[in-house]
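Below you'll find the structure, written out as structure tokens, and then a few comments.
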Amino acid sequence: MDTLHGAFPFPVSLELVTVTTPELPTQYTPADVETRSYERWVAEGYFHADPGSSRTPYTIVLPPPNVTGSLHIGHALDHSIQDALTRRARMLGHETLWLPGMDHAGIATQNVVERELAKQGRSRHDLGREAFVERVWEWKEESGGKILGQMRKLGDGVDWARERFTMDEGLSRAVLTMFKKLYDDGLVYRAERIINWCPRCLTALSDIEVEHSEDEGELVSIRYSDEIVVATTRAETMLGDTAVAVHPSDERYAHLIGTTVELPLTGRRIPVVADEHVDPAFGTGAVKVTPAHDPNDFEIGRRHSLPSMTVMDERGVITAHGPFEGLDRFEARPAVVAALRAEGLIVEEKRPYLHSVGHCSRCKTVVEPRLSLQWFVNVGPLAKAAGDAVRDGRTSIHPPEMAKRYFDWVDDMHDWCISRQLWWGHRIPVWYGPNGEVVCVGPDETPPEGYVQDPDVLDTWFSSGLWPFSTLGWPERTPELERFYPTSVLVTGYDILFFWVARMMMFGLYAMDGEPPFRVVALHGMVRDQYGKKMSKSFGNVVDPLDWIERFGADATRFTLLRGANPGADVAISEEWAAGSRNFCNKIWNATRFALMNGAAVGSLDGADLTAADRWILSRLQSVITAADAALDGYEFAKASELLYHFAWDEVCDWYLELAKIQLGEGLDHTRLVLGQVLDALLRLLHPLVPFVSEELWRALTGAESIVVAAWPKADPRYRDPGAEAEIAALQEVVTEVRRFRSDQGLKPGQKVAARLGLAGSSVEGQERAIRALLRLTEPAETFSATARLTVGDVTVEIDTAGAIDVEAERKRLEKDLAAARKEAAQAAGKLGNEQFMAKAPAEVVTKVRARADQAAADIARLEAQLAALKV
RNA sequence: GGGCGGUUAGCUCAGCGGUAGAGCACUCGCCUUACAAGCGAGGGGUCACUGGUUCGAACCCAGUACCGCCCACCA
């Protein structure tokens, strides 16, 4: 057996080698691999979807990135998932459309460009509306170009011919059509309401564009009369109070309802009204009412026909005549308190006082509730339909726990303020006549003479809400729309479940006759750093996908993200993980290289005389295919990645390749076919996760054109072989046990030792050559004298370590094992002696425990014998 | 103020009723001719806490404590 490792073990004929071995460099270099394939894929049209195809469609619309900058690592996660899904769907035989595009991102992009202008000391007003919008378009071209470049680097298999932008001609038309349709159906209206106002951006914001945070404020109580004290954190708004409200059944104030009090500092008299909204248990039970500057107060005002008195302008500057006029709201607040204190009207001050304060999600400025005339969507019927579609399963949300959040939101949704006092966006298609006439103008209509268009633009989420069908040609009934709507799955972060998903549901159901925009919503989490911390520029833990692509490769970057991607869960990543993923790609690379060096080929195995090792790896492969399908069907990318990682590394590389070396050395040429078959399937399984390296290797292995259009592996039950799996499992156990012995004895891995194997009648009877080769065990010589005897299962291995054995180390090891075996035996015996366990536990569990007890008993006997032998 | 989720090896996380797992990190030994981005072996956890259900609990139930996220018009 010595010869097995002494000689070159690959007696492969020369012709075969020269014919079938393509050039694969010894070292995997992602940059080389990844520049080769992408443009070819695009040129071959693999990503181009044909609406005329007879295949079942599979559609994903890319959540359009904002044109505010470039893609971050979170986009990379989002894209990796979608690419994995579409690539697999394509391999499964679907007509696959992954539609790319970008979002104009109204307020966000306008702010970015305004900041750029500010660096030159200019504002948008210096340019004027038209020139400013022109300027934003230039920015869009630049930012958009960057994003497209990043998508190519990532390997996104999108249909470039169908790339869209929310402000391109077709989509703008869809926006106008939708607005008009809603208007005609009475689902958009204009009204004066209290809305969230950003005094810096100078625009209205919707509820979801406001972020709340616990800020420190000051709650002051102000004496309005001898009997009435009110509390407020916004003292400056008292200038606009037009009433004091108390609860109708609050006896303390019953006699005051209907009377008036004098509003301090102003000399105005305001009424005391009774309103259910007031909580008599909170504070003094009396509330100041400022209808123009607080949404609740606005409602109270409406119920009691109170006047609204605006005391602040759009920048948050006090406009009320008097000493405070011209002060900013945050200057006016302490000034008003000081003035009240001077009059002895401040009753009590409580500080610090933490309360929730709204901030503009774009610029963090404290939002000011403001009374203004805006456009709204009446969301009632739309939101109901959006909720129902998920409730009745027409659309399902993954993971299902997230659905509750969705319901909470759509079931209790305020009307949606859609007008924005911005310049960048879709201008509201409403014209006003000289006498206040209002006309909503459809895309093909012309406004009446002398009418003036509304200056505002629509909330950016209005156009985003149309994305799943506007991109397919709506309102035209295009072949694409007929074929690819509804989309198969929407992949996005849980953070925009409300912002975006709910809006697409509302609009999709409404515009497409009750057909929801997607069958499945697959939510992923946020990308975080290795400590689970949010990535932020100020913290310096931001990962730039391009940086990783350069250093580890796009495949490794993607694989790292997918390895962490459980449904709805955040993904923690680090450079160590990226390096690990790169190493994995390298592992696959070298495994394939090895196979090719040995003439691996894809072909029929019919009639081949397969060994147990061959049958084992083929059997395992079938299980892996089945498990991978289950994981991917459930959007469990972490599970799928882990599964394939371990199959490839632990089973294929660590065991099968080693066993294959032996077989090849023995001239079992069919081994090349098994290698080919296993790697072929493995690479196809891996392709959705690591598209570039799998393409490169698969082409080298098969000579076929592209793995992109290869078929997805299908588990073949004929290859299931529990017998072979058991045999190789036993072999692994023997090999591992003896390796452990060798390692404990300090035997160098390469050092050969003589051994006598007792395999007759054992579960690995036919594996002597493999066991000897893997363990560097030579045949016993005539002078053989065993210094150690190991028993593993039904196998005995006697080894002559020729004096190299460390008796003390061996005793220690045996004693440790013995202790473990005794503990094991005691545990099992405890169970078997437990009447209730025996009575109630299922039979299979009892059998298992019994087997454990037997095994432990055998181990104890064996180890005791070995220890005794050692003492001699 | 409501709701949801988490607490398992040094770190990030799987496991979700029947012998505690992975990757990385760590220790020891190896350049064994696919791969040192590698190979082999090993150490390391009263599965947050307290009760309960069960023959049996990391897993189910109740409560507690921390942590995270989302929603919210209590001045």
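The values are calculated or read from the model by the stated rules, or taken from the named source; none is laboratory data. Computed from a predicted model, the values in this text were never measured in an experiment. Positions of Cβ are generated from backbone atoms using ideal geometry, with glycine treated the same way; all protein chains shown enter the neighbour counts. Accessible surface areas use protein heavy atoms only, side chains included; no ligands, DNA or RNA. Shrake-Rupley method; radii C 1.70, N 1.55, O 1.52, S 1.80 Å.
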*Can you spot a residue in region A:205-215 that is buried (at least 20 other Cβ atoms within 10 Å of the Cβ), more than 10 Å from RNA strand B (Cβ to nearest atom) and more than 22 Å from A:Trp500 (Cβ to Cβ)?*
no
_Cross-chain or 6+ apart pairs with Cβ under 9 Å, region A:226-249 first and among the polar types (S, T, N, Q), then modelled with pLDDT under 85 and open to solvent by less than 10 Å² (accessible area, probe 1.4 Å)_ = A:Thr232/A:Val220; A:Thr233/A:Val220
*Based on what the data block shows, is A:Thr471 among the polar types (S, T, N, Q) and under 35 Å from the mean Cα position of the chain (by Cα)?*
yes
*Positions within region A:447-475 being free of Cβ contacts under 8 Å to residues at least 40 places away in the same chain and hydroxyl-bearing (Ser, Thr, Tyr), in sequence order*: A:Tyr451
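Let's see how each residue does on (1) more than 50 Å from the chain's Cα centre (by Cα); (2) farther than 16 Å from A:Ile222 by Cβ:
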site: A:His277; (1), (2): no, yes
site: A:Arg315; (1), (2): no, yes
site: A:Ile318; (1), (2): no, yes
site: A:His321; (1), (2): yes, yes
site: A:Arg341; (1), (2): yes, no
*Are any of the residues in region A:569-585 over 19 Å from A:Asp650 (Cα atoms), within 15 Å of RNA strand B (Cβ to nearest atom), open to solvent by less than 10 Å² (accessible area, probe 1.4 Å) and in contact (Cβ under 8 Å) with a residue 60 or more places away in the chain?*
yes
*Tell me which residues, restricted to region A:633-649, are touching a helix residue (DSSP H, G or I) at 6+ places or on another chain (Cβ under 7 Å) and crowded, with 22+ Cβ neighbours inside 10 Å.*
A:Phe637, A:Ala640, A:Ser641, A:Leu644, A:Phe647, A:Ala648
_Criterion (at pLDDT below 85, among the polar types (S, T, N, Q) and open to solvent by less than 30 Å² (accessible area, probe 1.4 Å)) met by exactly one of A:Ser762, A:Ser706_ = A:Ser762
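Conditions (1) at pLDDT below 90; (2) within 12 Å of RNA strand B (Cβ to nearest atom); (3) surrounded by fewer than 18 Cβ atoms within 10 Å (Cβ to Cβ); (4) among the hydroxyl-bearing types (Ser, Thr, Tyr), marked per residue:
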{"position": "A:Asp606", "(1), (2), (3), (4)": "yes, no, yes, no"}
{"position": "A:Thr611", "(1), (2), (3), (4)": "no, no, no, yes"}
{"position": "A:Ala628", "(1), (2), (3), (4)": "no, no, no, no"}
{"position": "A:Glu651", "(1), (2), (3), (4)": "no, yes, no, no"}
*asked:* Name the single residue that is nearest to A:Asp555 (Cα to Cα) among those in region A:82-107 being assigned to a helix (DSSP H, G or I), open to solvent by 10 Å² or more (accessible area, probe 1.4 Å) and touching a strand residue (DSSP E or B) at 6+ places or on another chain (Cβ under 8 Å).
replied: A:Leu85
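Are there any strands (runs of 3 or more DSSP E) wholly within region A:342-432 with 1 or more residues that are modelled with pLDDT under 90 and surrounded by fewer than 22 Cβ atoms within 10 Å (Cβ to Cβ), and if so which?
Working: elements: A:346-360, A:368-377, A:396-398, A:430-432.
Hits in region A:342-432: A:346-360, A:368-377, A:396-398.
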*Any residue in region A:506-520 that is open to solvent by 40 Å² or more (accessible area, probe 1.4 Å), assigned to a strand (DSSP E or B), closer than 30 Å to A:Asp408 by Cβ and more than 16 Å from RNA strand B (Cβ to nearest atom)?*
yes
*Has region A:794-803 got at least one residue that is more than 30 Å from A:Gln751 (Cα to Cα), open to solvent by 80 Å² or more (accessible area, probe 1.4 Å) and of a type outside the set (A, V, I, L, M)?*
no
*Go through the residues of region A:490-499 one by one and say whether even a single one is assigned to a helix (DSSP H, G or I) and of a type in the set (A, V, I, L, M).*
yes
*Working only within region A:765-791, note down all residues that are near RNA strand B (Cβ under 10 Å from one of its atoms) and either open to solvent by 40 Å² or more (accessible area, probe 1.4 Å) or polar (S, T, N, Q) (or both).*
A:Arg776
*Considering residues of region A:474-485 that are surrounded by 23 or more Cβ atoms within 10 Å (Cβ to Cβ) and among the hydrophobic types (A, V, I, L, M, F, W, C) only, the residue farthest from the chain's Cα centre (by Cα)*: A:Trp474
_Residue among A:Leu747, A:Leu685 that is open to solvent by 10 Å² or more (accessible area, probe 1.4 Å) and either part of a loop (DSSP other than H, G, I, E, B) or among the aliphatic types (A, V, I, L, M) (or both)_ = A:Leu747
*Pick from region A:241-275 the residues that are within 15 Å of RNA strand B (Cβ to nearest atom) and in a strand (DSSP E or B): which of them is nearest to A:Pro291 (Cα to Cα)?*
A:Ala243
*When region A:276-325 is examined, which residues are found to be without any contact (Cβ under 8 Å) to a residue 12 or more places away in the chain, open to solvent by 50 Å² or more (accessible area, probe 1.4 Å) and over 30 Å from A:Pro248 (Cα atoms)?*
A:Thr319, A:His321, A:Glu325
